[in-house]
Amino acid sequence: MRSVSALAAAALLLLPAYDVASAAEPKKGGILRVYHRDSPGSASIHEGATYSINVPFMPVFNNLVMFKQDVAQNSMESIVPDLAESWAWSADGKKLTFKLKQGVNWHDGKPFTSADVKCTFDMLMGKSQQKFRQNPRKSWYDQVNDVTTSGDFEASFELKRPQPALLTLLASGYTPVYPCHVSPGDMRTKPIGTGPFKFVEFKANESIKLTKNPDYFKKGLPHLDGIEFTIITNRSTAILGFVSGKFDMTFPTEVSIPLLKDVKSQAPNAVCVVEPVNVSTNIIVNSSSPPFDNIDIRRALALSLDRKAFISIMFEGQADIGGTMLPAPGGLWAMPKEMLESIPGYGPDINANREEARKLMQKAGYGPEKRLAVKVATRNIPIYRDPAVILIDQIKGIYIDGELDVVDTAQWFPKVARKDYSLGLNLTGNAVDDPDQSFYENYSCGSERNYTNYCNREIEKLFDEQSVEKDVSKRKKLVWEIDKKLQEDVARPIIFHSRTGSCWQPYVKGITIMVNSSYNGYRYEDVWMDK
Amino acid sequence: MFAYIVRRLVLMFVTLVGISIIIFVLLRVVPGNIVDILFDAAGFVDPTDKANLEKELGLNLPIYVQYLHWIGGLLQGDLGYSYVSEKPALQEILPRIPITARLAALALLFSASIGIPLGVISAVHQGSRLDYALRVVSLSGLSLPSFWLGLLILMASVSLFGAMPIYNPNPQTWTEAFAIYCVPAMAVGFRSAALTMRITRSSMLEILRQDYIRTARAKGASEASVNYRHALKNAILPVITVIGIEAAFLIGGLIVTETVFNIPGVARFLVEALRWRDYPIVQNLVMLIAVVVVVANFTVDMLYAAIDPRIRYTD
């Protein structure tokens, strides 16, 4: 009996050893089969603003630098060279120079040079003759004066002022280098990259196929022979497909918490993780017109929120409460808990908060006899609609009668951009976990995505101050201060930061789901299958 | 007869022109176009970029000019370009037609081959336990939504066989081909089979009470001969009408079934194209469906004459 136990113990000890061994020696070959949640509008990452494009097409490209794909938390420390061999900042922090790898070829055989880097960023900055149909991240390069080249293998970003965070923007899955010799139109339909996988075909509403790039400049990679994405818009069918083994992996970060339970019960061997996706659900308040031009009403609104109720109803408790920046431990820039709880509306005593909210409403002239009627506008899809319904229920307690105004997807952002709403519920996704991207895009005066018209010149000075700061700990303190001020000003009250699930079959190895962005972890060059 | 056919063809042409105008205008009356959707995905609207894109796609032109461009192209076999994939619309639509046609044909076949015999059996055994059982089956067919039935089938196949029929353009075995096409066809055809069965039953019940049926029995004709040769032949006309109408309604069921079973056919493509406001695809697909419906109706009318010699179309 003792020998059997010893044998079992030895076997148990051997298991992790086997795992380590198998992790160290990836097997070659196999097609990774993944279902895709919808048919992306095009194959051009630069022209898109949804990770529906990044997931299937990031493996076709390389960036200058990228977030290390097996490190779950994107940070400055996790940035590694990709097409760049190395990089260096000038002493004044206004020039970032990249030495480029030599001998890299595009999938059509043409050589990659610094001219391609210049072309890509000139196009992103709107400087080149060739134009993207749409250029959603043009503002990322507001501080870039010019991109210059020195020979075929050196490119430099010359900045108007120091911006250390530029490197994180360049590491995003949203920032691949495009070839000069291929038009933006062709990149939308037949993308050419330098990446580990070559584009084979994209059949709208059907499938996207990629095949191994045998000439990939990173020797020994990729491990897979190809990747096939089957487009399945019906979530139930997709999950059943995964459970039945038709797919090796679900679409990343697309499995909701209730569905995750089904997956785990029907496919107990599946590996599933639940991670934050750096998407916040927030309230947009049109502060430029009555009644929300009154700061008291805006504050009352923020005080009425029971964030835990949202999280328990929608995510069975698996979501996070925070400010603008993604909460810890996933987020790098989140305020400390004590600081967060000191913000009005974030304290644990919901009844006291609401009592205060009612007083503010009464001060503004509203009460049980004179209730404020507002339309709560939101996009007509469940992840928007469901929290909007909960919001309407919660604001009832502070004399606000909300009426749900569901807006067709095609009309949602045009409506919001026109400021044709008074109160709305919106989702904001962040491509990188960095304050520069979040603050300038959503809160700076005149920004296209500043839907609430919030404009505070004092706080804008702080945006710049944190942006130029090289010392991370000093920058963090500035970011906390800004985030606290944004919440106190009720610029765009954050309700919660969501978490979602991803699952894969146990034989799929090398998958890392990023914990502070859902846009950057899909190169798949080091993914392999142990079968 | 010839004059009737010519008149029907002219009417068909006028109907199709009318449909083309209605589709074209309705699509543009719905708020939002492809440009709005593309910018919606980006989260903000740059008015200059938006105007440029509208110009590039010809959406800035007056609506009648856009219509004339479309019809002019259509007459020359040029269906335009998909706004989304930027490929010729014909290239996008053509490969999907056989998939949906196969599914629709199988669904109709299923509907007729199940619905008619069961309707006859139910009528012949009126009031029996078998009749009640068949009527329950037909009621369930009419009341179960096809998407729900489709999902049930998928869930059952996963839990019973550990596999599910997901579309594969090149099925390796006949069982795979069966699973890919026949299972969805049954899911979508169940409703029309139920309807066909009910119509067949009521039509048969009416015919079976006719004097000539009693005469046939008195002459010693077998039950099978009475039911199928004498009764069914005369009861079939309303059934053909229903099958013809069902063929037109089938597209609605196919949209759901193609989505649930993930079949890349025309119906699902139409929904996706509508979501993107991909006008060239939607316009041409709706026209295609309109042509199919108009031709199906015409064929049904012609079938009447072929099946029932008493029917003659005159001027």
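With the checklist (1) more than 22 Å from B:L232 (Cα to Cα); (2) in a helix (DSSP H, G or I) in hand, flag the one item B:Y132 doesn't pass.
Among (1) more than 22 Å from B:L232 (Cα to Cα); (2) in a helix (DSSP H, G or I), B:Y132 violates only (1).
Find the strands (runs of 3 or more DSSP E) located wholly in the range A:33-90 whose residues include 1 or more that are more than 14 Å from every other protein chain (Cβ to nearest Cβ) and either small (G, A, S) or crowded, with 24+ Cβ neighbours inside 10 Å (or both), and list them.
A:65-67, A:84-89
Taking the condition of being touching a residue at least 60 places away in the same chain (Cβ under 8 Å) and closer than 21 Å to B:V292 by Cβ, how many residues in the range B:10-36 meet it?
Counting residues in the range B:10-36 that are touching a residue at least 60 places away in the same chain (Cβ under 8 Å) and closer than 21 Å to B:V292 by Cβ gives 8.
Under 6 Å by Cβ, and 6 or more places apart or on different chains, what pairs join a residue from the range B:134-152 that is surrounded by 14 or more Cβ atoms within 10 Å (Cβ to Cβ) with one that is of a type in the set (S, T, N, Q)?
B:L134/B:S122; B:S146/B:T257; B:G150/B:T257; B:L151/A:S236
For A:A24, work out the one condition from (1) modelled with pLDDT of 95 or more; (2) surrounded by fewer than 17 Cβ atoms within 10 Å (Cβ to Cβ) it doesn't fulfil.
(1)
Working carefully through the options B:I93, B:I63, find the one that is among the aliphatic types (A, V, I, L, M) and within 27 Å of the chain's Cα centre (by Cα).
Checking each option against the conditions leaves just B:I93.
Name the single residue that is nearest to the other protein chains (Cβ to nearest Cβ) among those in the range A:400-412 being surrounded by fewer than 20 Cβ atoms within 10 Å (Cβ to Cβ) and in contact with a strand residue (DSSP E or B) (Cβ under 7 Å, 6 or more places away or on another chain).
A:T409
Does the range A:420-432 include one or more residues that are under 24 Å from the mean Cα position of the chain (by Cα), farther than 27 Å from A:M361 by Cα and at pLDDT 95 or above?
Yes: one or more hits.
Scan B:R268, B:R229 and give me the residue that is within 14 Å of chain A (Cβ to nearest Cβ) and part of a helix (DSSP H, G or I).
B:R268
Out of the residues in the range B:160-183 meeting the condition of being facing another protein chain (nearest Cβ under 8 Å) and not β-branched (V, I, T), tell me which one is farthest from the chain's Cα centre (by Cα).
My answer is B:G162.
Could we say that A:K131 is touching a Leu at 6+ places or on another chain (Cβ under 9 Å), in the same structural domain as A:S90 (by TED's automatic domain parsing) and either of a type in the set (K, R) or buried (at least 20 other Cβ atoms within 10 Å of the Cβ) (or both) here?
So A:K131 fails the test.
Taking B:E54, is it under 28 Å from B:P264 (Cβ atoms) and part of a helix (DSSP H, G or I)?
no
In contact with a Gly (Cβ under 9 Å, 6 or more places away or on another chain), facing chain A (nearest Cβ under 9 Å), within 30 Å of A:Y51 (Cβ to Cβ) and surrounded by 13 or more Cβ atoms within 10 Å (Cβ to Cβ): is that true of B:L53 in this structure?
The answer is no for B:L53.
Conditions first: (1) in a helix (DSSP H, G or I); (2) within 12 Å of chain A (Cβ to nearest Cβ); (3) hydroxyl-bearing (S, T, Y). B:T200 passes all but one, so which condition is the exception?
B:T200 satisfies every listed condition except (2).
Step by step: first the residues of the range A:371-394, then only those that are hydrophobic (A, V, I, L, M, F, W, C) and in contact with an Asp or Glu (Cβ under 8 Å, 6 or more places away or on another chain), then the one that is surrounded by the most Cβ atoms within 10 Å (Cβ to Cβ). Which residue is that?
Filtering the range A:371-394 for residues that are hydrophobic (A, V, I, L, M, F, W, C) and in contact with an Asp or Glu (Cβ under 8 Å, 6 or more places away or on another chain), the one surrounded by the most Cβ atoms within 10 Å (Cβ to Cβ) comes out as A:A377.
Here is a check on your reading of the model: is B:A101 assigned to a helix (DSSP H, G or I) and in contact (Cβ under 8 Å) with a residue 12 or more places away in the chain?
no
Anything in the range A:173-221 that is in contact with a helix residue (DSSP H, G or I) (Cβ under 9 Å, 6 or more places away or on another chain), within 19 Å of A:T113 (Cα to Cα) and aliphatic (A, V, I, L, M)? List them, or say none.
Scanning the range A:173-221 gives A:V177, A:M187, A:I192.
Looking at (1) within 14 Å of another protein chain (Cβ to nearest Cβ); (2) touching a Leu at 6+ places or on another chain (Cβ under 8 Å); (3) more than 30 Å from A:N269 (Cβ to Cβ), which is the only condition A:M187 fails?
With respect to (1) within 14 Å of another protein chain (Cβ to nearest Cβ); (2) touching a Leu at 6+ places or on another chain (Cβ under 8 Å); (3) more than 30 Å from A:N269 (Cβ to Cβ), A:M187 is out only on (2).
Quick check, is B:Q66 among the polar types (S, T, N, Q), in contact with a Phe, Trp or Tyr (Cβ under 9 Å, 6 or more places away or on another chain) and surrounded by fewer than 20 Cβ atoms within 10 Å (Cβ to Cβ)?
So B:Q66 fits the description; yes.
Being over 28 Å from A:K531 (Cβ atoms) and surrounded by fewer than 22 Cβ atoms within 10 Å (Cβ to Cβ), is that true of even one residue in the range A:191-208?
Checked against the condition, which is being over 28 Å from A:K531 (Cβ atoms) and surrounded by fewer than 22 Cβ atoms within 10 Å (Cβ to Cβ), the range A:191-208 yields at least one hit.
Give the residue, chosen from A:M314, A:M335, that is surrounded by 14 or more Cβ atoms within 10 Å (Cβ to Cβ), farther than 21 Å from A:L425 by Cβ and of a type in the set (A, V, I, L, M).
Going through A:M314, A:M335 in turn, just one is surrounded by 14 or more Cβ atoms within 10 Å (Cβ to Cβ), farther than 21 Å from A:L425 by Cβ and of a type in the set (A, V, I, L, M): A:M335.
Every residue, every condition in (1) outside the structural domain of A:S517 (by TED's automatic domain parsing); (2) among the small types (G, A, S); (3) not in a loop (DSSP other than H, G, I, E, B), yes or no:
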| position | (1), (2), (3) |
| --- | --- |
| A:T428 | yes, no, yes |
| A:D436 | yes, no, yes |
| A:E441 | yes, no, yes |
| A:S447 | yes, yes, no |
| A:C455 | yes, no, no |
| A:E465 | yes, no, yes |
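Can you find, within the range A:256-280, the residue that is farthest from the other protein chains (Cβ to nearest Cβ) among those that are surrounded by fewer than 24 Cβ atoms within 10 Å (Cβ to Cβ) and either of a type in the set (S, T, N, Q) or closer than 25 Å to A:G41 by Cα (or both)?
Result: A:S256.
Of a type in the set (A, V, I, L, M), within 14 Å of chain A (Cβ to nearest Cβ) and in contact with a Ser or Thr (Cβ under 8 Å, 6 or more places away or on another chain): which single residue out of B:I93, B:I37, B:I99 fits that description?
B:I37
Please enumerate the residues belonging to the range A:378-399 that are within 14 Å of chain B (Cβ to nearest Cβ) and hydrophobic (A, V, I, L, M, F, W, C).
A:I381
Report those helices (runs of 4 or more DSSP H) wholly inside the range A:267-359 carrying at least 3 residues which are more than 27 Å from A:V432 (Cα to Cα) and touching a residue at least 24 places away in the same chain (Cβ under 8 Å).
A:295-303
Being part of a helix (DSSP H, G or I) and either within 24 Å of A:D215 (Cα to Cα) or of a type in the set (D, E) (or both): is that true of A:C119 here?
yes
Just the residues that are within 14 Å of another protein chain (Cβ to nearest Cβ) and in contact with a helix residue (DSSP H, G or I) (Cβ under 6 Å, 6 or more places away or on another chain), please, taken from the range A:413-427.
A:F413, A:P414
If I filter the range A:127-183 down to residues being assigned to a loop (DSSP other than H, G, I, E, B) and among the small types (G, A, S), which single residue comes out as farthest from the other protein chains (Cβ to nearest Cβ)?
Out of the qualifying residues, it is A:G151.
The values are calculated or read from the model by the stated rules, or taken from the named source; none is laboratory data. In this text the structure is predicted, and so the values were computed from the model without any measurement. Reconstructed Cβ throughout: ideal geometry from the backbone, glycine too, with neighbour counts over all protein chains shown.
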